[in-house]
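> Following this message is one structure expressed as structure tokens.
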Amino acid sequence: MSLRTELLTDEEMVAASRKGNEDAFRQLFDKYWHDLYKIANRRVSSTEDVKDILQDVFLSLWNNIMDVEVSDSLGGYLYIALRNRILNYYDKETLRYKLLASQQFMPVEAENLAWHSLRTKEIRQFVMGLLEEMPPQMKQVFLLSREEQLTNAEIAALLGLAPQTVKNQLYRALQLIREELKTSHLRLTMLLLLAAIFSKK
């Protein structure tokens, strides 16, 4: 079965894949493989394991294509699927907390020193709780920026959003965290460190 897929949206390619169109599914695979590989490669040291994890993500997508709901971009769905597979990988290796947690929310370069100073159980649990309360899109943008170290342009491409939308979502997430920290009366030193971390817009 053949179908011209160059101009199709993710929603249309998923619909075609449900009808058994392998060309449409290959288009989805080619569209998202590189970005997902880059994310996984930052978390898993073995190249072969990264490839196995990604193969599992796309195999699961194919096997469950009838149940996948996508109104715009499939990137968010695939990111969550990849994240879960990586957590499962570390569960099996009994290294989840030793390796993955030590990398969680790792910001880029200049922010690293301040972030290391913030690694207290209290702050980390507080921020994680705030993330769970955020709208799904805002949470994904924040995690992709702060945890996966993707640029705004890369996040926009992965989630099918306008770069300005990504910037706005990230700004609102950071503002929410700042305000919640203030109302929770956490120590001033913590607030100052967070201000330094979140100064990147």
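> Mind pulling the per residue volume of the convex hull built on the Cα atoms of the range 10-97? Å³ is fine. If you can, show how the numbers build up before the last one.
Numbers: hull volume 8.1 nm³, N = 88.
Here the figure is 92 Å³ per residue.
> What is the list of residues in the range 9-44 whose amide nitrogen lies under 17 Å from a point 7 angstrom out from the Cα of T151, following Cα to Cβ?
Those under the cut-off are 34-36, 38-39.
> What do you get for trypsin sites (Lys or Arg not before Pro) in the range 18-58 restricted to DSSP loop and a cutoff of at most 11 other Cβ within 10 Å of the site's Cβ?
In loop regions of the range 18-58 (DSSP not H, G, I, E or B), the sparsely surrounded trypsin sites (Lys or Arg not before Pro) are K19.
> Okay, moving on. Going by amide H atoms built from the backbone, whose H comes under 5 Å of the H on V44, apart from near neighbours?
HN-HN under 5 Å from V44: empty list.
> Further question on the same structure: Using a cut-off of 12 Å between beta-carbons, work out the net charge of the residues near Q140 (Lys and Arg +1, Asp and Glu -1, Q140 not included).
Computed value for this residue: +1.
All of the numbers you see were taken from the coordinates with simple rules; none came from a lab. Everything quoted here is computed from the prediction, not taken from an experiment. No Cβ is skipped: glycine too gets one built from the backbone with ideal geometry, and neighbour counts run over all protein chains shown.
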